[in-house]
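What follows is one structure encoded as structure tokens, with my remarks underneath.
The values are calculated or read from the model by the stated rules, or taken from the named source; none is laboratory data. Here the structure is a predicted model, which means the values were calculated and not measured. Positions of Cβ are generated from backbone atoms using ideal geometry, with glycine treated the same way; all protein chains shown enter the neighbour counts.
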Amino acid sequence: MAGYSEDLRVKVVEYVKKGHTIKETAETFGVSMKSISIWKKMDKEGKRLIFEFVPRSPHRINHEKLLAYVKEHPDAYLREISAHFSVGLTTIWNALHRLGVKYKKTKNLPRSGSKKAGKIYRIPKKPGQKQTGFR
């Protein structure tokens, strides 16, 4: 998504400079009040009102290490995995999703170490490959 055009941003800032409120301007131009505040700040700092693409940061998780951890700890909670890798829950969930690892939610499985420990992660043979059943 490229954001709003520079000419629209300039028109919005000029409209606010004429004495209109941010709320009124947002309703008139159909943009958010937050965007208008950011554009006002950019204009005040002398910056051009252009859209700048901010690239996403690279993935911080080594997928091989993540798969190895999940195989060793098949009943680990996402919060435990995220603590081990020092990342957020969403990062772990997204990485597992990218790898095709499915998570079966159940309350009846005992924790690791017990004789009845069940495996609740379904790991495909190769990343991206679908697999039926649980290991």
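Quick look at the values:
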{"read-out": "Hits in the stretch 65-79 - residues which are surrounded by fewer than 13 Cβ atoms within 10 Å (Cβ to Cβ), under 21 Å from the mean Cα position of the chain (by Cα) and modelled with pLDDT of 90 or more", "value": "Lys65"}
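For every residue, the table says whether it meets (1) out of contact with any helix residue (DSSP H, G or I) (no Cβ under 6 Å at 6 or more places or on another chain); (2) part of a loop (DSSP other than H, G, I, E, B).
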residue: Asp7; (1), (2): yes, no
residue: Val16; (1), (2): no, no
residue: Thr28; (1), (2): yes, no
residue: Trp39; (1), (2): no, no
residue: Arg48; (1), (2): yes, yes
residue: Ile61; (1), (2): no, yes
residue: Asp75; (1), (2): yes, yes
